[in-house]
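Visitor: Below you will find the structure I want to go over with you.
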Amino acid sequence: MIEHVEKLNEFIEKTQNGLVLVDFYASWCGPCRMLSPVLEKIDDENKSNAKIIKVDVDVALDIARKYSIQVIPTLVILENGKELRRSTGYLPENQLLKFINQ
């Protein structure tokens, strides 16, 4: 299940094992709205070994600043709280799975 998170650090502390995919988005962002069903499909079909969470940059501005988010959507892969990689913009399902599982 995809969670909407306002306090990312607390979430990461609870999810110390494995990968976390953070989707930095805004409700008014067209590409973000296009990406959301792709993430939901990946999550629903268990196609990824990453826990997927969403952070609304308008609600959690402090988190967006901490991760230097300047473009949305931005996807950040974290492992044990450390950033492994990031991608900006919309990705179709096959490219998104490659990004997550590389």
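Visitor: Out of the residues in region 37-64 that are surrounded by fewer than 16 Cβ atoms within 10 Å (Cβ to Cβ) and at pLDDT below 90, which is nearest to the chain's Cα centre (by Cα)? Talk me through it step by step, then tell me what you get.
Guide: As a first pass, look at region 37-64 and keep what is surrounded by fewer than 16 Cβ atoms within 10 Å (Cβ to Cβ): 37, 40-41, 44-47, 49, 58-59, 61-62.
From what is left, the residues that are at pLDDT below 90 are 44-47, 49, 59, 61-62.
Details: Asp44: 15, Glu45: 17, Asn46: 15, Lys47: 15, Asn49: 13, Val59: 15, Leu61: 15, Asp62: 16 Å.
Selected residue: Asn49.
Visitor: Quick one: count up the residues across region 37-58 that are under 24 Å from Asn80 (Cα atoms) and part of a helix (DSSP H, G or I).
Guide: So the count comes out to 5.
Visitor: For region 1-28, which positions are at pLDDT 80 or above and within 15 Å of Ala64 (Cα to Cα)?
Guide: Taking region 1-28 and keeping what is at pLDDT 80 or above, we get 19-28.
Within region 1-28, Leu21, Val22, Asp23, Phe24, Tyr25, Ala26, Ser27 qualify.
Visitor: Quick one: how many residues across region 81-102 are among the polar types (S, T, N, Q) and within 12 Å of the chain's Cα centre (by Cα)?
Guide: 2
Visitor: In this structure, is Leu78 within 15 Å of Leu19 (Cα to Cα), under 13 Å from the mean Cα position of the chain (by Cα) and in a helix (DSSP H, G or I)?
Guide: no
The values are calculated or read from the model by the stated rules, or taken from the named source; none is laboratory data. Predicted model only: the values in this text are computed from it and were never measured. Glycine also receives a Cβ, built like all others from the backbone with ideal geometry; neighbour counts cover every protein chain displayed.
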